[in-house]
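Working notes, structure below.
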Amino acid sequence: MIVAITGASGFVGKHLAAKLATEGHTTRAASLRSKLAQDVFAGCDAVVHLAGEPVAQRWTAAAKQRIRDSRVDGTRAVVTAIASLEKRPAVLISASAVGYYGLRGDEILTEASAPSKDFLGDTSVAWEHESLAAEKLGVRVVNPRLGVVLGSEGGALAKMLPAFRMGVGGRIASGKQWMSWIHIDDLVSLILFAILHETVRGPLNAVASQPVTNAEFTQELAKALHRPAIFPVPEFALKLLFGEMSSILIGGQRVVPQAALAAGFEFRYSSLGSALAALFGSQRTSGTPRV
């Protein structure tokens with residue numbers, strides 16, 4: 001199988017390419033900045049669209065525009081390139097995010113839950129809408145809504161590690177906000193699962209089955225690193241540093257992977273403790289993901 005990946009140089013893209021290679025598949029890196037996208041997609045069995053401006057930055061007006069444009073316009077460019085092909089890929093995996101749901105407190109959120117009306121919710125709706133245009137071209141579309149992706153060398157966790165390793169980590173604000181997370185290995189296995197299983201289509205919550213509060217996450221991470229976690233980050237400090245973007249740190253979503261479980265996907269790391277132990281070697285885990 002030949003799989004084209006946008007965002008192939010990013011944290012998730014690198015892991016996905018490595019996973020596909022170990023399974024005997026061929027990958028191609030596709031850049032949205034290149035006019036050769038059509039050539040990269042030609043002959044591919046699947047396209048995985050991961051590229052996008054980082055959300056974790058201060059949301060100035062310009063930053064918001066970059067975040068939205070990179071997702072909406074970028075996805076439109078991918079679908080346009082696919083439309084130009086005589087032989088089109090069977091499936092487009094176009095990433096989305098749990099920001100789709102907004103800040104909903106303790107509400108349990110599934111793929112059927114309504115989107116929020118805030119910046120990330122509106123952006124995610126438009127982002128997914130662009131990808132669904134590929135369905136009219138006979139291409140199956142899957143939208144993995146990514147939560148916090150856990151990996152020691154990238155993503156949100158890598159930004160937390162320095163403070164925790166120095167023993168100055170702690171919960172964020174009240175610590176009561178929910179964190180919907182997924183181990184990087186489970187994420188790439190879920191993407192491959194979605195490529196290979198023709199019954200999987202539409203939104204797919206790419207999160208583990210056991211979301212945790214930020215306070216629980218903090219304690220588990222400190223335990224895995226054998227460090228204390230006694231320095232909470234106050235809400236006012238986050239608002240001062242990050243402005244509007246701080247809302248996604250102070251708030252959260254309690255998202256569950258209903259569609260993935262219904263389709264038969266088996267997570268290797270269902271508990272946060274097992275995921276962090278695998279990343280930091282504090283204990284052995286068993287089981288393998290099935291695709």
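Of all residues in segment 102-142 being part of a loop (DSSP other than H, G, I, E, B) and of a type in the set (G, A, S), which is farthest from V91 (Cα to Cα)?
Checking each candidate, the answer is G105.
Being among the aliphatic types (A, V, I, L, M), under 14 Å from E128 (Cβ atoms) and under 20 Å from the mean Cα position of the chain (by Cα) narrows it down to one residue among V55, V78, V48; which is it?
Unique residue meeting the criteria: V78.
Having 1 or more residues that are of a type in the set (K, R) and modelled with pLDDT of 95 or more is the bar; report the strands (runs of 3 or more DSSP E) wholly within segment 1-78 that clear it.
26-30
Starting from segment 200-213, keep only residues that are touching a residue at least 24 places away in the same chain (Cβ under 8 Å) and within 15 Å of P144 (Cα to Cα), then list their pairs with residues that are part of a strand (DSSP E or B) and among the aromatic types (F, W, Y) whose Cβ atoms are within a distance under 7 Å, requiring at least 6 positions of separation or different chains.
Pairs found: V207/W181; A208/W181.
Results for (1) within 23 Å of K136 (Cβ to Cβ); (2) crowded, with 23+ Cβ neighbours inside 10 Å; (3) touching a residue at least 60 places away in the same chain (Cβ under 8 Å), shown as yes or no for each residue.
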position: A46; (1), (2), (3): yes, yes, yes
position: H49; (1), (2), (3): yes, yes, yes
position: Q57; (1), (2), (3): no, no, yes
position: A61; (1), (2), (3): no, no, no
position: A83; (1), (2), (3): yes, no, no
position: P89; (1), (2), (3): yes, yes, yes
position: S94; (1), (2), (3): yes, yes, no
position: L109; (1), (2), (3): no, yes, yes
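Conditions tested, residue by residue: (1) part of a helix (DSSP H, G or I); (2) under 30 Å from I93 (Cβ atoms); (3) not β-branched (V, I, T).
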position: P162; (1), (2), (3): yes, no, yes
position: V168; (1), (2), (3): no, no, no
position: K176; (1), (2), (3): no, no, yes
position: L190; (1), (2), (3): yes, yes, yes
position: F193; (1), (2), (3): yes, yes, yes
position: A208; (1), (2), (3): no, yes, yes
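All but one of (1) crowded, with 18+ Cβ neighbours inside 10 Å; (2) in contact (Cβ under 8 Å) with a residue 40 or more places away in the chain hold for S246; state the number of the condition that does not hold.
Going through the list (1) crowded, with 18+ Cβ neighbours inside 10 Å; (2) in contact (Cβ under 8 Å) with a residue 40 or more places away in the chain, S246 breaks only (2).
The values are calculated or read from the model by the stated rules, or taken from the named source; none is laboratory data. Please read all numbers here as calculations on a predicted model, not as lab measurements. Please note: Cβ atoms are built from the backbone with ideal geometry, for glycine as well, and neighbour counts cover all protein chains shown.
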